[in-house]
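Read the figures in this text as sums done on the coordinates, not as results from a lab. Worth saying up front: this structure is predicted, and the values here are computed from it rather than measured. Neighbour counts run over all protein chains shown; Cβ positions are idealised from the backbone, glycine included.
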Amino acid sequence: MDTEASLVIGPEQIQSKVVDLGKQITTDYADKSLLILGVLNGAFIFTADLCRAISLDMEIDFIRVASYGSSISSSGEICLRKAPEGDLRGKDILLVEDIVDTGSTLAWLRDYFADQGAASVKICALIDKTERRNVDVHVDYPGFTVEEGFLIGYGMDYAEKYRNLSAIYSLHT
């Protein structure tokens, strides 16, 4: 790594948590029509590992969202840049995200998919980060709670770098 960072969550802790989340989701969705929607780009590694830890038949897809605004602050306007491929009506959707920060995007996605006729919409996030939360959004399947810091690794990036790290670090800028 070319920059200074400190370890926050090691690879063994992450994998143990992914297995635990997979077991819980397997139990909770045993009689449901599960559709996993990973939020690109950050959640692709977590989504892949989580899906392998769930012992159910499921559909897997990815979505991409963008929030437009100046480089200093987001306008709060959220746009679905890549929508799911199939029909959402009657599906039990599990949104999988790397990190929930302000909560704005996931609250918008939850409401959007409910409006599309999903039977249910729940949220699984590896990191539930509360320091900048400005929208009340419930993470149904939280991995780790982290209060502060700019996190990289295990899918999370800084300027599109460091996603490939097997652990999560706090970047010191």
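The set of residues from the stretch 49-69 being loosely packed, with under 15 Cβ neighbours inside 10 Å, touching a strand residue (DSSP E or B) at 6+ places or on another chain (Cβ under 8 Å) and more than 19 Å from Gly86 (Cβ to Cβ) comprises Ala66, Tyr68, Gly69.
Looking at Leu126, Leu106, just one residue is in contact with an Asp or Glu (Cβ under 8 Å, 6 or more places away or on another chain), part of a helix (DSSP H, G or I) and under 19 Å from Ile45 (Cβ atoms), and that residue is Leu106.
Scanning the stretch 20-47 for residues that are surrounded by 15 or more Cβ atoms within 10 Å (Cβ to Cβ), outside any strand (DSSP E or B) and of a type in the set (A, V, I, L, M) yields Leu21, Ile25, Ala43, Ile45.
Is it the case that the stretch 144-151 has a residue that's outside any strand (DSSP E or B), out of contact with any strand residue (DSSP E or B) (no Cβ under 8 Å at 6 or more places or on another chain) and of a type in the set (Gly, Ala, Ser)? Among the residues of the stretch 144-151, not one is outside any strand (DSSP E or B), out of contact with any strand residue (DSSP E or B) (no Cβ under 8 Å at 6 or more places or on another chain) and of a type in the set (Gly, Ala, Ser), which makes the answer no. Answer yes or no: is there a residue in the stretch 87-98 that is crowded, with 16+ Cβ neighbours inside 10 Å and more than 20 Å from Cys51 (Cβ to Cβ). Within the stretch 87-98, none of the residues are crowded, with 16+ Cβ neighbours inside 10 Å and more than 20 Å from Cys51 (Cβ to Cβ).
Among all positions in the stretch 105-125, there is no residue which is closer than 22 Å to Thr26 by Cβ and exposed (fewer than 14 other Cβ atoms within 10 Å of the Cβ).
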